[in-house]
Amino acid sequence: MIIKNAIVCDAECEREVDVRIEDNIITEIGTNLSGDEIIDAKGLYFIPLLVDTNIRVQDSILNANNIKALSDEALKAGIGHIVLNPESTPAIDNEIVLEFAQNGLHNLNGAKVDLMINTLNQENTLSNIAILLKRGAVVPYMSTIAKNDLAIKIAQYCQMYGVTLFCKAEDNSLISSGVMLDGDVSSKLGLAGIPDLSEVLHVSRMIEIARHFKIKILFKSIASPRSIYLIDKAKSDGVDVRCEVSIHHLINSDKACENFNTTAKLNPPLACESDRAELLEALKSGKIDILTTLHQPSSPVNKEVAFYDAAYGCEGVEKAMSLYYTKLVKNNIISMSELVRLCVKNPADTIGEERGVIKVGQSANAMLFDPNKIVRMDEKFSLYCGQELYGEIKSVFF
């Protein structure tokens, strides 16, 4: 098969060339390639399938059917590899649940699914991290609800096994009663707020742990510009820390919660408008390392209730590539190559894989993306009601 005239785009550059694919391997990249099976991809992007390392299954209920449905949905949206968040029911924090989840990974026809493990069990004691990593989990995950002694032990395991620690920065005493960001909108709605210090304080704490033990930390779903500043400063000091931000926090503020819109009830909560603008500036200046859809779908019975009682999260996987392209690339916030770096190369690197560069000899885990077609988000559950999103994922996956 030959893909002709496509805009081949990876984390390094864009170029209009032909690509020959044989047995799912890229065997030649050049111009004027010829062969029996040709797809004319003029005007289309040929890019690597995306990688998202912060995904949850429906209602966070871990079973084979939900994993399969998520895998299929992700691939249709241009995501080829996902890593499940372990805070599910049951939680992935012991050998039995890990094996149960791994059984659900058999015979998937959609996106590849990997598992991270929760380093703390329901009793807030350490999981058997060494065994779980040896049995196939790709990375450990911790919430900073963990006390210092446990956080240090987790860091020592990461140091021993050379893995990246996926870290959610949050303060249990500050998030327990709040349901959205503490600020003008929460006051207007009469809803209990969560101060951004809940995140910032623990980002600072974990940076020092990373510095001391010389481990790699990826801060998951960061929402505060102050946190990004601290992480960027630590990078300049040689500390191996990175930050991930969701597309929702880049394009929506806490104003989306007005009229008690439960779709906008996210974890972490949406930032105020001024902070949202700062997050976009941080993206433009290269201070954000990874993007995520923060996909956390909930059934209407858990979402269409009073704001205080509603489940956290919204859907993001279904139109992932279209959303990234429309809101970020089409608006000249980042380039398509930068998008590949943020959504393929960097997240793959955190789980020890090399992705994001299209070259001869590698697997053709790529898609054709048409930037000119118009699709619409689901108006019932999406934050982007009534807005048109440009770009449709072609049905040609390799």
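The values are calculated or read from the model by the stated rules, or taken from the named source; none is laboratory data. These numbers were taken from a predicted model, which means no experiment stands behind them. Every residue, glycine as well, gets a Cβ built from its backbone with ideal geometry; the counts of neighbours run over all protein chains shown. SASA here: full protein model, heavy atoms, side chains in, ligands and nucleic acids out. Shrake-Rupley method; radii C 1.70, N 1.55, O 1.52, S 1.80 Å.
Miscellaneous remarks
- Greater than 22 Å apart at Cα, pairs in 327/373; 287/345; 188/220; 319/373; 188/265; 76/168: 188/220; 76/168
- Rounded, prolate or oblate (a/c below 1.5 giving rounded, otherwise prolate when a/b exceeds b/c) for region 254-302 by Cα gyration tensor: oblate
- Of the whole protein surface, residue 226 contributes about 120 Å² of accessible area at a 1.4 Å probe radius.
- Shape category assigned to region 306-354 from the gyration tensor of Cα positions, a/c cut at 1.5: oblate
- For region 84-198, the direction-averaged projected area of the alpha-carbon convex hull comes to 9.1 nm².
- Local electrostatic count, residue 33, Cβ distance below 10 Å [Lys/Arg +1, Asp/Glu -1]: 0
- In this simple spin-label approximation, residue 226 and residue 277 carry label points 7 Å from Cα along the Cα→Cβ vector, and these lie 1.9 nm apart.
- Helix-only arithmetic for the chain: the sum of -39500 (n - 2.57) across DSSP H runs with n ≥ 4, divided by the residue total, places the mean residue ellipticity at 222 nm at -8000 deg cm²/dmol.
- Counted charge near residue 202, where neighbours are those whose Cβ lies closer than 14 Å (Asp, Glu -1; Lys, Arg +1): 0
- Tail weight of P(r) past 15 Å, computed on alpha-carbon pairs of region 48-94, percent: 41
- Pair residue 188, residue 131: separation of 7 Å Cα→Cβ label points (nm): 5.2
- Relative contact order %, the chain, counting alpha carbon pairs below 8 Å whose residues are six or more apart: 19
- Accessible area, probe 1.4 Å, largest first, for residues 26, 251: 251, 26
- Centroid-to-centroid separation of region 221-259 and region 24-76 [C-alpha atoms, Å]: 27
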